[in-house]
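First up is the structure itself, then whatever we jot down about it.
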Amino acid sequence: MKYDLVIVGAGFAGSVAAERLANTIDCKILLIDQRSHIGGNAFDYYDANGILVHKYGPHIFHTNSTEVFQYLSKFTKWRFYEHKVLANVEGKLLPIPINLNTVNSLYGFHLSEEELKEFFVKQKEFIPCIRSAEDVIISQVGRDLYLKFFHHYTIKQWGVPPSELDKSVTARIPVRTNVDDRYFTDKYQFMPVNGYSELFKKMLSHSNIDIRLNTAYKDIEKEITFKHLIYTGPIDEYFDFCYGKLPYRSLQFEHRMLDQACFQQAGVINFPAPNIDFTRITEYKHITGQQHPKTSITYEYPCWGKDPYYPVPSAANALLYSKYCKLAEEIPYVSFTGRLGSYRYYNMDQVVAQSLTVAKKLTAQFLV
Ligand code: FAD
Ligand code: UDP
């Protein structure tokens, strides 16, 4: 099989690159995925009750990038949706990110915004150099709120103490002194009206893109020739783990279909308590806006050793990744990209932006 371009992985990283290159240069592309579907972790489907479910956990689109939003708008119409999350702390459902209502409801206070600022000043600890996921929170709100909302949740989610995780992990979650209870504040916050899988179908419908599913790269490596390879799988796997394995945290999803219209008060409820094994429950109808007499929910149980979902941001892992990057530099006919190829805890929009850049570079290269 002779192709100009082979792309491994049909998630956002691989699919955006395939679409851009198919439409900008006249090249023959093979897009493969070892799974039975396109869309990568953003894949969604209608379950037996007809509810739109995200197979790999809740995917909420948000971005500040007009370029990314306009690009994806070519493949879908959108539904405005601002994500809200509640945390189940000591039996109370409280807004997270922590805000004025969170603190007042948790402690039974009636603080104003100014008083909350003073409260945080008294609670927070001085940490001269903020390095870890623990430091980020304790330096803003102090130890009690950290322990109640972040400590155990992070241990469950990542399988390592927050003190050993990079600060960027919990820095994703802001702390607010007002009553804004939105999870994200990005300029664009929308869900694809007909779901992500429909978006991917549109993106990839091009006569120059051949798609092979249920196909791992190693299975066909010897049968194919190409001018360039875009690899969006785990970078360490490509190099046969020659320097050792990069850790990826995984999840087990328990999907449940319920004979009731509504299960919980928000799209996602987090469970930071250490005695509960799962981290969060998602009820999709809040997120997709679907009207249906039944509902579907998903429990997430973090684990090791299954599908690689989360690169684990830490100094040791960054060092190991940099060794693989050096190997990658020696093979300029392969581009590593996406969440697994770059070993970065990227959101969907960041992966789309990265692939748009990779595609621009390759277009220039192919046209020479
Ligand atoms: P993936 O989607 O992982 O796609 C990679 C594909 O490559 C996979 O389909 C895999 O099967 C395939 N592959 C790997 N190796 C091989 C191989 N050797 N041969 C063949 N195929 C291979 N982002 C947001 O913006 N908002 C959210 O709300 C959000 N929620 C998330 C919730 C969860 C539980 C998870 C895990 C992630 C979430 N993300 C979210 C992040 C989002 O999933 C990623 O940013 C995005 O899907 C990454 O796209 P990708 O193409 O890089 O990787
Ligand atoms: N986090 C937490 N408690 C929460 C929400 C988040 O401890 O209620 C921490 C946890 O370490 C998590 C990180 O903040 O992994 C980032 O949260 P986010 O919701 O962005 O995680 P994702 O949706 O990527 O799983």
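Taking the stretch 258-286 as the search range and keeping residues that are more than 15 Å from Pro302 (Cα to Cα) and of a type in the set (A, V, I, L, M), which one is farthest from the chain's Cα centre (by Cα)? Give the derivation first.
Here is the first cut: in the stretch 258-286, the ones more than 15 Å from Pro302 (Cα to Cα) are 258-269, 283-286.
The next check asks that each one be of a type in the set (A, V, I, L, M); those that pass are 258, 261, 266, 268-269.
Numbers: Leu258: 26, Ala261: 28, Ala266: 19, Val268: 15, Ile269: 17 Å.
This residue is Ala261.
Taking Asn194 as meeting all but one of (1) of a type outside the set (A, V, I, L, M, F, W, C); (2) within 19 Å of the chain's Cα centre (by Cα); (3) surrounded by fewer than 21 Cβ atoms within 10 Å (Cβ to Cβ); (4) more than 22 Å from Phe278 (Cα to Cα), write down the number of the exception.
Of the numbered conditions (1) of a type outside the set (A, V, I, L, M, F, W, C); (2) within 19 Å of the chain's Cα centre (by Cα); (3) surrounded by fewer than 21 Cβ atoms within 10 Å (Cβ to Cβ); (4) more than 22 Å from Phe278 (Cα to Cα), the odd one out for Asn194 is (2).
Among the numbered criteria (1) within 12 Å of ligand 2 (Cβ to nearest atom); (2) over 17 Å from the mean Cα position of the chain (by Cα), which one does Tyr183 miss?
So the condition that Tyr183 fails would be (2).
Pick out, from the stretch 76-163, the strands (runs of 3 or more DSSP E) lying fully within it that include 3 or more residues that are within 16 Å of ligand 1 (Cβ to nearest atom).
Working: elements: 78-80, 85-89, 92-96.
Ranges flagged: 78-80.
Would you call Thr102 more than 26 Å from Gln290 (Cβ to Cβ), open to solvent by less than 10 Å² (accessible area, probe 1.4 Å), of a type outside the set (D, E, K, R) and at pLDDT 95 or above?
Details: more than 26 Å from Gln290 (Cβ to Cβ): yes; open to solvent by less than 10 Å² (accessible area, probe 1.4 Å): yes; of a type outside the set (D, E, K, R): yes; at pLDDT 95 or above: yes.
So Thr102 fits the description; yes.
In a strand (DSSP E or B), modelled with pLDDT of 95 or more, farther than 30 Å from Ile130 by Cα and in contact with a His (Cβ under 6 Å, 6 or more places away or on another chain), is that true of Thr282?
On the way: in a strand (DSSP E or B): yes; modelled with pLDDT of 95 or more: yes; farther than 30 Å from Ile130 by Cα: yes; in contact with a His (Cβ under 6 Å, 6 or more places away or on another chain): no.
No: the conditions fail for Thr282.
Given the residues Ile224, Ile211, which is the only one that is closer than 26 Å to Asn347 by Cβ and touching a strand residue (DSSP E or B) at 6+ places or on another chain (Cβ under 7 Å)? I'd like the intermediate steps shown before the answer.
On the way: Ile224 fails: closer than 26 Å to Asn347 by Cβ.
Exactly one residue qualifies, and that residue is Ile211.
Taking the stretch 135-166, which residues are open to solvent by 10 Å² or more (accessible area, probe 1.4 Å) and over 25 Å from Gln252 (Cα atoms)?
If the condition is that a residue be open to solvent by 10 Å² or more (accessible area, probe 1.4 Å) and over 25 Å from Gln252 (Cα atoms), then Asp135, Val136, Ser139, Gln140, Arg143, Asp144 are the ones that fit.
For the subset of the stretch 59-70 comprising residues that are in a loop (DSSP other than H, G, I, E, B) and crowded, with 19+ Cβ neighbours inside 10 Å, which member is farthest from the chain's Cα centre (by Cα)? First the steps, then the outcome.
Taking the stretch 59-70 as the starting set, the residues that turn out to be in a loop (DSSP other than H, G, I, E, B) are 59-60, 64-65.
From what's left, crowded, with 19+ Cβ neighbours inside 10 Å: 59-60.
Values: His59: 7, Ile60: 9 Å.
Result: Ile60.
Hey, can you tell me all the residues within the stretch 28-63 that are more than 12 Å from ligand 1 (Cβ to nearest atom) and either over 17 Å from Glu254 (Cβ atoms) or touching a Cys at 6+ places or on another chain (Cβ under 9 Å) (or both)? Don't jump to the end; show me each part of the working.
If we filter the stretch 28-63 for residues that are more than 12 Å from ligand 1 (Cβ to nearest atom), which is where we start, we get 28-29, 45-53.
If the condition is that a residue be more than 12 Å from ligand 1 (Cβ to nearest atom) and either over 17 Å from Glu254 (Cβ atoms) or touching a Cys at 6+ places or on another chain (Cβ under 9 Å) (or both), then Lys28, Ile29, Tyr46, Gly50, Leu52 are the ones that fit.
Check whether at least one residue in the stretch 306-328 is assigned to a helix (DSSP H, G or I), open to solvent by less than 30 Å² (accessible area, probe 1.4 Å), touching a strand residue (DSSP E or B) at 6+ places or on another chain (Cβ under 9 Å) and not hydroxyl-bearing (Ser, Thr, Tyr), and report yes or no.
yes
Which one is nearest to Ile287 (Cα to Cα) among residues in the stretch 1-58 that are among the polar types (S, T, N, Q) and either touching a Leu at 6+ places or on another chain (Cβ under 9 Å) or open to solvent by less than 10 Å² (accessible area, probe 1.4 Å) (or both)? Lay out the reasoning, then the answer.
So the first thing to find is which residues in the stretch 1-58 are among the polar types (S, T, N, Q), and the list is 15, 23-24, 34, 36, 41, 49.
From what's left, either touching a Leu at 6+ places or on another chain (Cβ under 9 Å) or open to solvent by less than 10 Å² (accessible area, probe 1.4 Å) (or both): 15, 24, 34, 36, 49.
Values: Ser15: 24, Thr24: 34, Gln34: 28, Ser36: 25, Asn49: 17 Å.
Selected residue: Asn49.
Filter the stretch 209-247 down to the residues that are aromatic (Phe, Trp, Tyr) and either over 24 Å from Ile25 (Cβ atoms) or crowded, with 20+ Cβ neighbours inside 10 Å (or both) and list them by number. Give the steps one after another, and end with the answer.
Residues of the stretch 209-247 that are aromatic (Phe, Trp, Tyr), as a first pass: 217, 226, 231, 238-239, 241, 243.
Hits for the stretch 209-247 are Tyr231, Tyr238, Phe239, Phe241, Tyr243.
Give all pairs with beta carbons closer than 8 Å in which a residue from the stretch 344-359 that is free of Cβ contacts under 8 Å to residues at least 60 places away in the same chain meets a residue that is more than 13 Å from ligand 2 (Cβ to nearest atom) and polar (S, T, N, Q); count only pairs at least 6 apart in sequence or on separate chains.
Matching pairs, first to second residue: Tyr346/Gln354.
Of all residues being among the basic types (Lys, Arg) and out of contact with any Pro (no Cβ under 9 Å at 6 or more places or on another chain) in the stretch 343-367, which is surrounded by the fewest Cβ atoms within 10 Å (Cβ to Cβ)? Just the residue, please.
Our first condition is that a residue be among the basic types (Lys, Arg); within the stretch 343-367, this holds for 344, 360-361.
Then drop every residue that is not out of contact with any Pro (no Cβ under 9 Å at 6 or more places or on another chain), which leaves 360-361.
Working: Lys360: 13, Lys361: 11.
In this case the residue turns out to be Lys361.
Taking into account only those residues within the stretch 329-342 that are under 21 Å from Phe69 (Cα atoms) and assigned to a helix (DSSP H, G or I), which is least open to solvent (accessible area, probe 1.4 Å)?
Of the residues in the stretch 329-342, the ones under 21 Å from Phe69 (Cα atoms) are 337-339.
With assigned to a helix (DSSP H, G or I) added as a condition, the list becomes 338-339.
Values: Gly338: 1, Arg339: 54 Å².
Per the stated criteria, the residue is Gly338.
For the stretch 283-302: of the residues being more than 15 Å from Val268 (Cα to Cα) and in contact (Cβ under 8 Å) with a residue 60 or more places away in the chain, which is farthest from ligand 1 (Cβ to nearest atom)?
Residues of the stretch 283-302 that are more than 15 Å from Val268 (Cα to Cα), as a first pass: 290-294, 302.
Pick out the ones that are also in contact (Cβ under 8 Å) with a residue 60 or more places away in the chain and you get 290, 292, 294, 302.
On the way: Gln290: 17, His292: 21, Lys294: 23, Pro302: 10 Å.
In this case the residue turns out to be Lys294.
Output the qualifying pairs, or none if there are none: Cβ atoms under 7 angstrom, residues six or more apart or on different chains, first residue in the stretch 22-47 and at positive phi and in a loop (DSSP other than H, G, I, E, B), second residue more than 8 Å from ligand 1 (Cβ to nearest atom) and open to solvent by less than 30 Å² (accessible area, probe 1.4 Å).
Gly39/Tyr196; Gly39/Ser197; Gly39/Phe200
Among the residues of the stretch 214-225, are any in a helix (DSSP H, G or I), without any contact (Cβ under 8 Å) to a residue 24 or more places away in the chain and within 27 Å of Gln157 (Cα to Cα)?
no
The values are calculated or read from the model by the stated rules, or taken from the named source; none is laboratory data. The structure displayed is predicted, hence computed values, not measured ones. Heads up, the Cβs are rebuilt from the backbone with ideal geometry, glycines too, and the neighbour counts pull from every protein chain shown. Protein only, heavy atoms only, side chains kept; ligands, DNA and RNA dropped before computing areas. Shrake-Rupley method; radii C 1.70, N 1.55, O 1.52, S 1.80 Å.
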